[in-house]
């Protein structure tokens, strides 16, 4: 998405069912083998009564929405706050939702509310993200702009920031 | 680790080399297929010039230190702040280090500084974690306490908090 198109209130989400494979693979790539995630017998003795998914797996879903949808490809992750509110169990279906809170035009930064919910609508994660949208996003990392340069000229309003469209008219 | 043993200044770390498999699997479990992570041609056009690892992968290393070492098994993750300072490339070796900042005894909460560094000693991630150490950690989720109740009595100084050792002497 073009930086100039991003405005407060815009939102996007993804939904994923957390499977056992997700938890096992997440443990493998991060090294987090906490028995709360990996050991059903140990987990049965905790207040949750069963294995729980890694909190950072849900944080990964937020990263996915930011990197894939809003702002989308090319975005640079600057920061994230996370508050883990409820456990996520294997079999739960998690919706990760981001919503633009503010846009700092001079710095090309976007602040977003980031939340995850389970299939019962209960919020499992809360937080905020700060991202930076580089100008190069349109030149290299954003395949939409890269693939169709001709289209851009013809559909200036859809793909080009307002500023650039204005300059084109003056020349 | 016993909650009563945790004190400000204590620290722990893990080290991992970020491989291509880590990045590909992390993309798979989270759904974050941002071309910055997955597409070498697109990534060559960005300021980093090559594919970068997901920031949340490093955050996962922090989760690993917390869940495996300090405070260790049984810990409940309450919150985390993350500031992504530098890109992590495939082939980089990342050290994730946590250090206890403060302990809130009444609430069994621990606040920790959480930092990641690359092989050149450059900090790539900064933040703070808040965790909760349940009493049940020793009953179910912490295999060290569960497996060896006899050992505990014999090696009070190694495995038992000072307070409990003191009580034992008085009785």
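The rows are residues; the columns are (1) within 17 Å of residue B:79 (Cα to Cα); (2) within 14 Å of chain B (Cβ to nearest Cβ); (3) in contact with a strand residue (DSSP E or B) (Cβ under 7 Å, 6 or more places away or on another chain).
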{"residue": "A:72", "(1), (2), (3)": "no, yes, no"}
{"residue": "A:94", "(1), (2), (3)": "no, yes, yes"}
{"residue": "A:101", "(1), (2), (3)": "no, no, yes"}
{"residue": "A:106", "(1), (2), (3)": "no, no, no"}
{"residue": "A:113", "(1), (2), (3)": "yes, no, yes"}
Open item on the list: Condition (residue is under 30 Å from residue A:1 (Cβ atoms), under 19 Å from the mean Cα position of the chain (by Cα) and not in a loop (DSSP other than H, G, I, E, B)) applied to segment B:14-22: is it met by at least one residue?
Closed with: yes
Task: Boolean, residue B:85 is more than 28 Å from residue A:75 (Cβ to Cβ) and either in contact with a strand residue (DSSP E or B) (Cβ under 9 Å, 6 or more places away or on another chain) or modelled with pLDDT under 95 (or both) - done: no
TODO: Return the total of residues in segment A:31-46 being within 9 Å of chain B (Cβ to nearest Cβ) and either more than 22 Å from residue B:64 (Cβ to Cβ) or not in a loop (DSSP other than H, G, I, E, B) (or both).
DONE: 7
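Somewhere in segment B:49-57, is a residue under 13 Å from the mean Cα position of the chain (by Cα) and within 7 Å of chain A (Cβ to nearest Cβ)?
Checked against the condition, which is being under 13 Å from the mean Cα position of the chain (by Cα) and within 7 Å of chain A (Cβ to nearest Cβ), segment B:49-57 yields at least one hit.
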Open item on the list: If residue B:8 satisfies all but one of (1) part of a loop (DSSP other than H, G, I, E, B); (2) in contact with a helix residue (DSSP H, G or I) (Cβ under 8 Å, 6 or more places away or on another chain), what's the number of the condition it fails?
Closed with: (2)
TODO: Sort through A:55, A:45, A:28 and tell me the only one that's over 30 Å from residue A:103 (Cβ atoms) and at pLDDT 95 or above.
DONE: A:28
Open item on the list: Go through (1) buried (at least 18 other Cβ atoms within 10 Å of the Cβ); (2) over 19 Å from residue A:26 (Cβ atoms); (3) at pLDDT below 95 for residue B:73 and report which single condition fails.
Closed with: (2)
Task: residue B:27, sole failed condition from (1) facing chain A (nearest Cβ under 7 Å); (2) in a helix (DSSP H, G or I); (3) touching a residue at least 24 places away in the same chain (Cβ under 8 Å) - done: (1)
Task: Residue list for segment A:1-30, filter: crowded, with 19+ Cβ neighbours inside 10 Å and under 24 Å from residue B:64 (Cβ atoms) - done: A:16, A:18, A:22, A:23, A:26, A:27, A:29, A:30
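The values are calculated or read from the model by the stated rules, or taken from the named source; none is laboratory data. All values reported here derive from a predicted model rather than from experimental measurement. Neighbour counts are summed over all protein chains in view; Cβ atoms, including those assigned to glycine, are modelled from backbone coordinates with ideal geometry.
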